[in-house]
Protein chains: 4
Amino acid sequence: MGEKNIAFIGLGIMGSRMAKNLLKAGFPLTVHNRTKEKAEDLIRSGAQWADSPKKAAENADIVFTMLSHPEVVEAVVYADNGLFSGIKPGALWVDMSTVHPTFSKKMAEASSAQNIRFLDAPVSGSKIPAERGELIFLVGGEQTDFEEAKPYFEAMGKAVHYLGKHGNGSAMKILINLMLAHNMAAFSETVHLGEAMGLDKSMVVEMLLNHPVSAPILQGKKAKIMVLDFTPEFPLEHMQKDLHLVALTAFEKNYAMPLANVLKELYAQAKQHGYGRMDMSAIFKWLGQE
Amino acid sequence: MGEKNIAFIGLGIMGSRMAKNLLKAGFPLTVHNRTKEKAEDLIRSGAQWADSPKKAAENADIVFTMLSHPEVVEAVVYADNGLFSGIKPGALWVDMSTVHPTFSKKMAEASSAQNIRFLDAPVSGSKIPAERGELIFLVGGEQTDFEEAKPYFEAMGKAVHYLGKHGNGSAMKILINLMLAHNMAAFSETVHLGEAMGLDKSMVVEMLLNHPVSAPILQGKKAKIMVLDFTPEFPLEHMQKDLHLVALTAFEKNYAMPLANVLKELYAQAKQHGYGRMDMSAIFKWLGQE
Amino acid sequence: MGEKNIAFIGLGIMGSRMAKNLLKAGFPLTVHNRTKEKAEDLIRSGAQWADSPKKAAENADIVFTMLSHPEVVEAVVYADNGLFSGIKPGALWVDMSTVHPTFSKKMAEASSAQNIRFLDAPVSGSKIPAERGELIFLVGGEQTDFEEAKPYFEAMGKAVHYLGKHGNGSAMKILINLMLAHNMAAFSETVHLGEAMGLDKSMVVEMLLNHPVSAPILQGKKAKIMVLDFTPEFPLEHMQKDLHLVALTAFEKNYAMPLANVLKELYAQAKQHGYGRMDMSAIFKWLGQE
Amino acid sequence: MGEKNIAFIGLGIMGSRMAKNLLKAGFPLTVHNRTKEKAEDLIRSGAQWADSPKKAAENADIVFTMLSHPEVVEAVVYADNGLFSGIKPGALWVDMSTVHPTFSKKMAEASSAQNIRFLDAPVSGSKIPAERGELIFLVGGEQTDFEEAKPYFEAMGKAVHYLGKHGNGSAMKILINLMLAHNMAAFSETVHLGEAMGLDKSMVVEMLLNHPVSAPILQGKKAKIMVLDFTPEFPLEHMQKDLHLVALTAFEKNYAMPLANVLKELYAQAKQHGYGRMDMSAIFKWLGQE
């Protein structure tokens, strides 16, 4: 296994930490990022630098991508020095970016036309789990390809789920983010109403978080909410983008989502008023009483 | 303690089970309900029957009420044979109905004018916890009154929270129900989107319920969702009423709740289309693909 | 006709202008307002001042009220020096305040119990039409009472509609305000989207206002929108209150209104962020791009 | 002018009537449609038939397209026998389909790369105005191109607006449809609330339509609403698609639209429940009391 050449493209908050865990697990790694600075720590730790997605892909058996938008994925794949211009026939491309399932299916088809294999493998978890190798992988594609990539997923995550055909990984990912977005906004309105009724904020927060009506993931946002420090772990504008992908997909599938679309616009209001680069829990601040 | 005379008014799905637990704990009990049939099992178990709220209250040191609406509470209290026409000066009235905090404060003031004491003590939990004595009590009022009522709460519940002044119990209760309503509807839209994208329903349900983005309380609704059997534990129309109380309170307190108001109307649509007497989890059915 | 004694209670933006038109038409008038200053111009024009609603009502054959909220109407009616403590048996009370139909029916019943007659007669139109005597009256109650009040309505308005039983005037009024609230907010989002797409604001405003998709009433808000001057004619917080009455009524009547409830919360957000005392067209500013 | 060769592609409800008016005005016309049946009346009236978009475009100086979706436009343009494979350098393509402005700009750029000229010229008005030549044209692109196409627009419409650069026609069109969608849904909820309050439906409809809070365009929907006959003039699913284009565009431009997104989902619910092929005014039925 260790003899395989692997490449990793996209070294943001998530990608840099994930690549680090691959290196720690002893896998030789070639890396690329739009700006080289973000790769320097990895290079010092033994990663090879490649000047372009093409260069990164040329000798790779497996190429991992961890990018922010479907549009960025397309740019990295189709550019002159892009992934598709360098990748070897038969190689495996694993896209771990959060995209909508239609996009993953499109990438699977494009890969097939290039004689390469494809997995959509988005992850659940943000900065801290990425750092600790505790991400959850949600994977769609051929099962044999999944088995090939599994050791690498295990180096980056604590749970790996094979969910069936291409697009199913991306599908499950947007469902999880949708639930997170709902919980965060519902909890925010609820706590603010409690305060408006004269209840003590920390009492309300404690009572709710210790009651089974609250999703456990909200525990991780408690400190941010109590002191109103919204240093980003998962930027609010990424959540808003994910909710847009939810709405696009619902339109394609002819499913009406009145609640999710209102939710989407609350995050959009927050972004429009300057909260986009804060943590997604800053929806608490936006929905506040001034 | 056991020497106190206690009365219990309101023997619906919840009240009948709660009164039963008081009897089991050895407390002598006088009961009243609008229709006597619902009291018969309790009478066989040793409860005294009273023909009216007035009669029930006459000899009581503590009167518990468990009713469906603020309007019903008012009717029971102010009617010719109502609670206030019978209750002794100095007695304690404990209203466990789900009402809005403004209403609880109004009842506290009205009680004070009658020289009686008042606690708002709504409960979290539906049919099964009521039966098992596993409710959670959320109590507002004077602390000495709370201490006096505590043994009875403990006979009916597994946790008893003293939350401060009059209305705080009701305030926390509507917050908890609001979170439940949100979770149920968000989960419903999310699972349906999963199915619309071609994912297997039980796979989506399992993945989400085992992920920290889902509130633990949703586990209790899993069976209903999987087989679409919405036998009521907590009728949907009661949840819609609670959301109305949320909206009323938010208006009074000048707090805007865009998400909660949409949520409220989704439950209202479901009620309007005939789902009102089903379990509140029937919002899953309403939000479905037909 | 002119021999009847008439009283007018409530001299705000609307009421003061309406009372002035009654005076101009030659009707002798006794007036009352919470603060006397607002009556001074009317007193100079020949109106009698009364120190309380009771005093105002004592000699009146017809009492007109023009107040801001159901709560204020109740206070004026039931206070120690209130309307009901002074009004003569057989007199006619005409309530022109914007209230919900359930409230008007309650006032009709309370009036009947006092042996007085009642009309709900809210008006469509704000400051300028009030000044010019161009209001539209929407009247519910007995037809003979309507005929008795009609000459006075005609002195204040340009159109008078008899709509049937008690409450129907108030019912039609909240429908009209609901349409206005919708139009204003929909127009606002639409113009802002136009600007966000790079279109010229005044071109968009002109094109839309000259197209049959725009309600004619929006013409009257054009100047405010173009220069962002939201001097109040119809304060935004009154519109938010009216939308709350809509939501209350819809709940009572078991009709789900997903769109109106979102609309309500947009006005509530605007009020919460300090736009409450501006004109209701300030929803344009709230929904803007910052 | 009459010497120019013109082609017309897309002969649905709208296109067939528009092409007929071009013929009536004496312009020689080559037509194409996916299914030939819809062209037969036009062929009998003197139009030339072309087997493909390519054939239709080959000799044309100006090519008009009137298609249902951006996706259909792309298919007609880029197919093997598509518009771009046949059209002459220097020719003018006028796309009258309702698409979003980003798409129109993309088509303008693609046209430029093909050395052809482009106008986005969507129309306001449905079946009847199309038949009577009373459409309103909203045109974006070069002014000289606009002048060249103007005589043809005038044969099909009663008003022609030049709105500036490429995409501005499409931008204004989606704004107008958004206003229409709002008006129709707001009017529907309002009338239903009136009925729920016990008012007579036709009285409410008349009062509202004669009041300046109602957009004049609603007059044209009165008959449908009164008898609940929703024979399509503008199919509801097209409106839902247009609202989706609005939401897409708002996302691209970073403008939050809470009201429009709820509106969109109400039409989506209606479509999902089988109202998609009815007239868009069937939202009245969907929002009804059952």
Pair list, Cβ under 8 Å, 6 or more apart: region A:41-69 residue at positive phi, other residue buried (at least 17 other Cβ atoms within 10 Å of the Cβ)
A:Gly46/A:Leu23; A:Gly46/A:Leu29
Scope region D:130-151; condition without any contact (Cβ under 8 Å) to a residue 24 or more places away in the chain and touching a strand residue (DSSP E or B) at 6+ places or on another chain (Cβ under 7 Å); matching residues:
D:Gln143, D:Lys150
Say we look at region D:137-172 and pick out the residues that are hydroxyl-bearing (Ser, Thr, Tyr) and out of contact with any Ser or Thr (no Cβ under 6 Å at 6 or more places or on another chain); which of these is surrounded by the fewest Cβ atoms within 10 Å (Cβ to Cβ)?
D:Thr144
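Right, B:Lys150: outside any helix (DSSP H, G or I), more than 13 Å from the chain's Cα centre (by Cα) and of a type in the set (Lys, Arg) or not?
Spelling it out, it is not the case that B:Lys150 is outside any helix (DSSP H, G or I), more than 13 Å from the chain's Cα centre (by Cα) and of a type in the set (Lys, Arg).
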For region C:248-290, how many residues meet the condition of being facing chain B (nearest Cβ under 7 Å), among the hydrophobic types (A, V, I, L, M, F, W, C) and under 22 Å from D:Gly194 (Cα atoms)?
4
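Conditions (1) among the hydroxyl-bearing types (Ser, Thr, Tyr); (2) over 19 Å from D:Asn177 (Cβ atoms), marked per residue:
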position: D:Phe84; (1), (2): no, yes
position: D:Asp95; (1), (2): no, no
position: D:Glu109; (1), (2): no, yes
position: D:Asp120; (1), (2): no, no
position: D:Ser124; (1), (2): yes, no
position: D:Lys127; (1), (2): no, no
position: D:Phe137; (1), (2): no, no
position: D:Gln143; (1), (2): no, yes
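Looking at region D:213-230, which of its residues are touching a strand residue (DSSP E or B) at 6+ places or on another chain (Cβ under 9 Å) and within 11 Å of another protein chain (Cβ to nearest Cβ)? Steps first, please.
Start the filter on region D:213-230 by keeping residues that are touching a strand residue (DSSP E or B) at 6+ places or on another chain (Cβ under 9 Å), which leaves D:213, D:221, D:224, D:229-230.
Passing the criteria: only D:Val213.
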Residue in region D:57-70 that is assigned by TED's automatic domain parsing to the domain that holds D:Lys127, touching a helix residue (DSSP H, G or I) at 6+ places or on another chain (Cβ under 7 Å), among the small types (Gly, Ala, Ser) and closer than 19 Å to D:Lys4 by Cα present:
yes
Residue pairs meeting the criteria (Cβ under 7 Å; at least 6 apart or on separate chains; first more than 8 Å from chain C (Cβ to nearest Cβ) and in a loop (DSSP other than H, G, I, E, B), in region D:160-182; second among the aliphatic types (A, V, I, L, M) and surrounded by fewer than 24 Cβ atoms within 10 Å (Cβ to Cβ)):
D:His166/D:Ala108
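Answer with yes or no whether D:Leu245 is in contact (Cβ under 8 Å) with a residue 40 or more places away in the chain and within 13 Å of chain C (Cβ to nearest Cβ).
Values: in contact (Cβ under 8 Å) with a residue 40 or more places away in the chain: yes; within 13 Å of chain C (Cβ to nearest Cβ): yes.
Yes, satisfied.
Yes or no, residue by residue, for (1) within 21 Å of the chain's Cα centre (by Cα); (2) of a type outside the set (Val, Ile, Thr); (3) modelled with pLDDT under 95:
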site: C:Phe234; (1), (2), (3): yes, yes, yes
site: C:Glu237; (1), (2), (3): yes, yes, no
site: C:Ala250; (1), (2), (3): yes, yes, no
site: C:Leu259; (1), (2), (3): no, yes, no
site: C:Leu263; (1), (2), (3): yes, yes, no
site: C:Gln269; (1), (2), (3): no, yes, no
site: C:Tyr275; (1), (2), (3): yes, yes, no
site: C:Asp279; (1), (2), (3): yes, yes, no
Which one of these does A:Met239 not meet: (1) in contact (Cβ under 8 Å) with a residue 24 or more places away in the chain; (2) more than 30 Å from D:Gln240 (Cβ to Cβ)?
(2)
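Here's the yes/no breakdown for (1) within 23 Å of C:Ser97 (Cα to Cα); (2) touching a Lys or Arg at 6+ places or on another chain (Cβ under 8 Å):
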position: C:Val205; (1), (2): no, yes
position: C:Leu209; (1), (2): no, yes
position: C:Gly220; (1), (2): yes, no
position: C:Pro232; (1), (2): yes, yes
position: C:Met239; (1), (2): yes, no
position: C:Leu245; (1), (2): yes, no
Collect the residues in region D:91-108 that are assigned to a helix (DSSP H, G or I) and either touching a Pro at 6+ places or on another chain (Cβ under 6 Å) or among the β-branched types (Val, Ile, Thr) (or both), keeping them in residue-number order.
D:Thr102, D:Phe103
Residue that is nearest to A:Ser124 (Cα to Cα), among those in region A:3-60 that are among the acidic types (Asp, Glu) and not in a loop (DSSP other than H, G, I, E, B)
A:Asp41
Using beta carbons and a limit of 9 Å, which pairs, at least six apart or on different chains, have the first residue in region A:18-34 and in the same structural domain as A:Leu83 (by TED's automatic domain parsing) and the second one among the basic types (Lys, Arg) and at pLDDT below 95?
A:Phe27/A:Lys4; A:Pro28/A:Lys4
Just the residues that are surrounded by fewer than 22 Cβ atoms within 10 Å (Cβ to Cβ) and part of a helix (DSSP H, G or I), please, taken from region C:109-136.
C:Glu109, C:Ala110, C:Ser112, C:Ala113, C:Lys127, C:Ile128, C:Pro129, C:Glu131, C:Arg132
Within region D:188-212, restricting attention to residues that are under 17 Å from C:Leu259 (Cβ atoms) and of a type in the set (D, E, K, R), which residue is farthest from the other protein chains (Cβ to nearest Cβ)?
D:Glu195
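If I filter region A:165-181 for residues that are more than 19 Å from B:Thr190 (Cα to Cα) and not basic (Lys, Arg), do I get at least one hit? Full working, then the answer.
Narrowing region A:165-181 to residues more than 19 Å from B:Thr190 (Cα to Cα): A:165-166.
If we keep only those that are not basic (Lys, Arg) too, we end up with A:166.
Checked against the condition, which is being more than 19 Å from B:Thr190 (Cα to Cα) and not basic (Lys, Arg), region A:165-181 yields at least one hit.
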Restricting to region A:250-265, name every residue that is surrounded by fewer than 23 Cβ atoms within 10 Å (Cβ to Cβ) and either farther than 19 Å from D:Ala268 by Cβ or touching a residue at least 12 places away in the same chain (Cβ under 8 Å) (or both).
A:Glu252
If the requirement is being in the same structural domain as C:Met14 (by TED's automatic domain parsing) and under 20 Å from C:His166 (Cβ atoms), which of these qualifies: C:Ile87, C:Ile43?
C:Ile87
Sort out which residues of region A:188-216 are within 17 Å of B:Gln219 (Cα to Cα) and either among the small types (Gly, Ala, Ser) or touching a residue at least 24 places away in the same chain (Cβ under 8 Å) (or both), and write them in order of number.
A:Ser214, A:Ala215
Test for A:Glu74: is it within 24 Å of A:Glu142 (Cα to Cα), in contact with a helix residue (DSSP H, G or I) (Cβ under 9 Å, 6 or more places away or on another chain) and surrounded by fewer than 23 Cβ atoms within 10 Å (Cβ to Cβ)
yes
Given (1) of a type outside the set (A, V, I, L, M); (2) under 18 Å from the mean Cα position of the chain (by Cα); (3) modelled with pLDDT of 95 or more, where does C:Thr98 come up short, assuming only one miss?
(3)
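The values are calculated or read from the model by the stated rules, or taken from the named source; none is laboratory data. What you are looking at is a predicted structure, and each value in this text was computed from that prediction instead of being measured. Neighbour counts are summed over all protein chains in view; Cβ atoms, including those assigned to glycine, are modelled from backbone coordinates with ideal geometry.
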